[in-house]
Amino acid sequence: MMSNPEVASIGSDRIRVFVSYDRDSDGDLFELLAEKASKQSCRFEITAHSSGRPAPESDGALRRAIREADQVIVICGEHAENSVTMAAELRVAQEEERPYVLLWGRRERMCTKPLTAKSADAIYSWTWEILECQLLTVLRAAWSHEQLAELSRQRLARAGKPALANTPRSARGKPGGTGRLGP
């Protein structure tokens, strides 16, 4: 049984996304994305989005909404680097290990990343083809990762060793931890 949300959504109809954007400056961009997501042929659905108020990173509702999404779409506009809300949302996505994609919101203007974006994070041109390709690529990688993890668990079970999935995250990879793979 697959417990990884990315993997579970491959078999479902649509990819669940959280959308982070600057509500003061880029509400029109969110509305455009929401309109497209409402179409039957769209491969993703918006399950949650920016609240517009700065939320502490420990805000349970924000953390839960991001955790329940398969991925996070970050719409980068001219003022993304100044948005405290966007920075907090992206930080929570990183902490929750949710994949995210940064979209260049306005073609004719200079767009910026939220302050918590990594320097290696690319901002992708916003076309429907690029967006869907990015979302599906991440899901395929997660699915492959889950398949490999399942094979590893089966190999360990045959060898009579405890499975890594049952090992607490804090014990993995540490001396004396039971999650060590290999000799």
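Values in this text are rule-based calculations from the coordinates and carry no lab data. Note that the coordinates shown come from a computational prediction; the quantities given were computed from them, not determined experimentally. Please note: Cβ atoms are built from the backbone with ideal geometry, for glycine as well, and neighbour counts cover all protein chains shown.
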Show the residues, 5+ positions off or on another chain, whose built amide H is closer than 5 Å to the amide H of Trp126. Trp104
May I ask you to sort Cys42, Cys76 by Cβ crowding, counting other Cβ atoms within 10 Å and putting the fewest first? Cys42, Cys76
Please compute the modelled spin-label separation between Ser51 and Leu115, points set 7 Å along Cα→Cβ, answer in nm with one decimal. 1.9 nm
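Suppose every K and R has +1 on its Cβ and every D and E has -1 on its Cβ; what is the size of the dipole of segment 5-141 about the Cα centre, in Debye to the nearest 20?
In debye, rounded to 20, segment 5-141 gives about 160.
Please rank Val92, Val19, Val84, fewest neighbouring Cβ atoms within 10 Å first, as an exposure proxy.
The order, fewest Cβ neighbours first, is Val84, Val19, Val92.
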How much length is gained if the chain between Ser41 and Asp59 is pulled fully straight, taking 0.36 nm per residue apart and subtracting their Cα-Cα distance, in nm to one decimal? 3.1 nm
Efficiency of FRET between Ala34 and Glu150 - r from beta-carbon atoms, R0 25 angstrom, step 0.05: 0.10
Please list, in order along segment 74-80, the HN-Hα scalar couplings obtained from phi with the Karplus expression 6.51 cos²θ - 1.76 cosθ + 1.60 (θ = phi - 60°), rounded to whole Hz, x for Gly and Pro. 10, 8, 8, x, 5, 10, 4
Arrange the following residues from fewest to most other Cβ atoms within 10 Å of their Cβ: Ser51, Ser20, Ser119. Ser119, Ser51, Ser20
Calculate the spin-label point distance for Arg107 paired with Glu81, positioning each point 7 Å from the Cα along the beta-carbon direction, and give it in nanometres. 2.4 nm
